[in-house]
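First comes the structure, then the notes that go with it.
Nothing in this text is a laboratory measurement; each read-out follows from the coordinates by a stated rule. Since the model is a prediction, treat every value here as computed from it, not as a measurement. As a convention, Cβ positions derive from the backbone with ideal geometry for all residues, glycine included, and neighbour counts pool all protein chains shown.
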Amino acid sequence: MKRITFQTEYAEPVHPIQAAVGDTPATTRADLLCWSPTPDGTALAWFDAAQATIKALLDGVNPVVDASLHEDTTGTYALIEESQLELRQAALDIVADAAVAFPPPVVFYGNGTVRFDAVGISGALNDLHGQLQKQTTVRIETVQEYRPESSPGLLTNRQREAISSAISVGYYKIPREGTVADVADTIGCSHSTAGELLRKAERSVMTAVVDQ
């Protein structure tokens, strides 16, 4: 099995919340952490902005009927309830037809870009890539052998995303090709935040290796 990170670029946002992120200068992205594919969709998401900003953003999105918010040092988590699932049908069809798994997060940027991982056998991943190419501009960021994690909670989603981005920009190559600034640009955060995410992730991984 392989794990591929895809980046797609849509001419228009695939969801009203993504459009609202693009219209809100204080935030640049929404990470979909988990969701229920029901007619009245419920989702857990993370935004890179303060709670007050996200409350105002979600209040202006028509299908959102309720949202419970929690702010921490990285941004704001939101448990969102929609009156109906407003994700673009073409995107839903691709997900439904794909014989692969989609581990979280799915990252929606305000400029229309969507970044996500898919896990599966090569044939199914190739089929997914082909279907995506019919709908949008798509780029493959990384291709890795899938390795089940002995400790699923070892890294947070943000730490895992930072590590994945660091690999894709060449931060861990010898000689090093990418920088912390490149990682920060890729995942949409400040230089200091990217550095902290990488250090904490590296500490967690190395501690787990030493303790084995």
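For the peptides 69-80, 13-24, the ranking by packing is 13-24, 69-80, with the highest mean count of neighbouring Cβ atoms within 10 Å listed first.
Per-residue extension of 0.36 nm, minus the Cα-Cα distance of Y146 and A11, leaves a gain of 45.5 nm for this segment.
Label separation (V119 vs T73): 2.9 nm, computed from points 7 Å beyond Cα along the C-beta direction. Here D66 and I174 are evaluated by their C-beta separation; at R0 = 45 Å the FRET efficiency comes out at 0.35. Overall shape: oblate for region 46-102, with the ratio a/c of the largest to smallest alpha carbon gyration tensor axis at 1.5 or above and b/c at least equal to a/b.
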